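J.: Here you go, one structure.
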Amino acid sequence: MAVAEDIARIKKQEEALVFSAFDEATAFKLGSAIRERALAENLPVIVDIRTFDRPLFYAAMPGSNASNPDWARRKVNVVKRFLKSSYRMVLEQQRPDRTFKVGEALDISDYVLAGGGFPIKVKGAGVIGVIAVSGLPEREDHNVVVDAVCAHLGIDRQKLALPPETE
């Protein structure tokens, strides 16, 4: 039942975390906040914020590696294709090999089932881009993004946070 509860909570996140507007300054503020947290907590992540037509913010933290940008790119593609968080897709698909079903026709070199990509949704416009974090376990990547968006929008993170993962 935990998976169903997590999916329901992520849907609530996606519904609640809506921007009134999103521009280069917003991307910079969000990206900088994630970067500052990563520095303070020694999180070995990359941060990639983009609209569907261009990149707006990118940072690579100490300890991140050469594969993190590719993981982020593939997470971005998943959000762009399905207009929902990549971690929600992981939970809905339940595919341990990280690939989509053959019938989806999504190449593994361009799409991956991994958490950390979150839709940038703007009121009146819908999903216009993605905030992606890569370098931590996928649930943590997801939570870093959600925490930053909650803080930016002035929304109590505890009301939307995923519960700690149970074994």
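The values are calculated or read from the model by the stated rules, or taken from the named source; none is laboratory data. Quick caveat: nothing in here was measured; it's all calculated off a predicted structure. Cβ atoms come from the backbone with ideal geometry, glycine included; neighbour counts cover every protein chain shown.
J.: At least 2 residues that are charged (D, E, K, R) and either at pLDDT 95 or above or within 24 Å of residue 152 (Cβ to Cβ) (or both) in each: list the strands (runs of 3 or more DSSP E) lying fully within the range 33-125 that qualify. Steps first, answer last, please.
T.: Values: elements: 46-51, 54-60, 117-122.
Hits in the range 33-125: 46-51.
J.: Taking interchain pairs and intrachain pairs at least six residues apart, which have beta carbon atoms under 6 angstrom, with the first residue in the range 84-112 and within 13 Å of residue 138 (Cα to Cα) and the second surrounded by 10 or more Cβ atoms within 10 Å (Cβ to Cβ) and modelled with pLDDT under 90?
T.: Between residues of the range 84-112 that are within 13 Å of residue 138 (Cα to Cα) and residues that are surrounded by 10 or more Cβ atoms within 10 Å (Cβ to Cβ) and modelled with pLDDT under 90, the close pairs are 112/98.
J.: Please give the number of the condition residue 141 fails out of (1) surrounded by 22 or more Cβ atoms within 10 Å (Cβ to Cβ); (2) more than 8 Å from the chain's Cα centre (by Cα); (3) part of a helix (DSSP H, G or I).
T.: The single condition residue 141 does not satisfy is (2).
J.: Which residues, taken from the range 7-28, are assigned to a helix (DSSP H, G or I), without any contact (Cβ under 8 Å) to a residue 24 or more places away in the chain and not small (Gly, Ala, Ser)?
T.: 15, the sole residue that qualifies.
J.: Additional query: Residue check, residue 4 against (1) in contact with a helix residue (DSSP H, G or I) (Cβ under 9 Å, 6 or more places away or on another chain); (2) buried (at least 16 other Cβ atoms within 10 Å of the Cβ); (3) of a type outside the set (Ser, Thr, Tyr); (4) in a helix (DSSP H, G or I), all met but one. Which one?
T.: The one condition residue 4 does not meet is (2).
J.: Restricted to the range 33-58, and to residues that are free of Cβ contacts under 8 Å to residues at least 60 places away in the same chain and within 17 Å of residue 129 (Cα to Cα), which residue is surrounded by the most Cβ atoms within 10 Å (Cβ to Cβ)?
T.: Step by step, filter the range 33-58, then rank; the result is 57.
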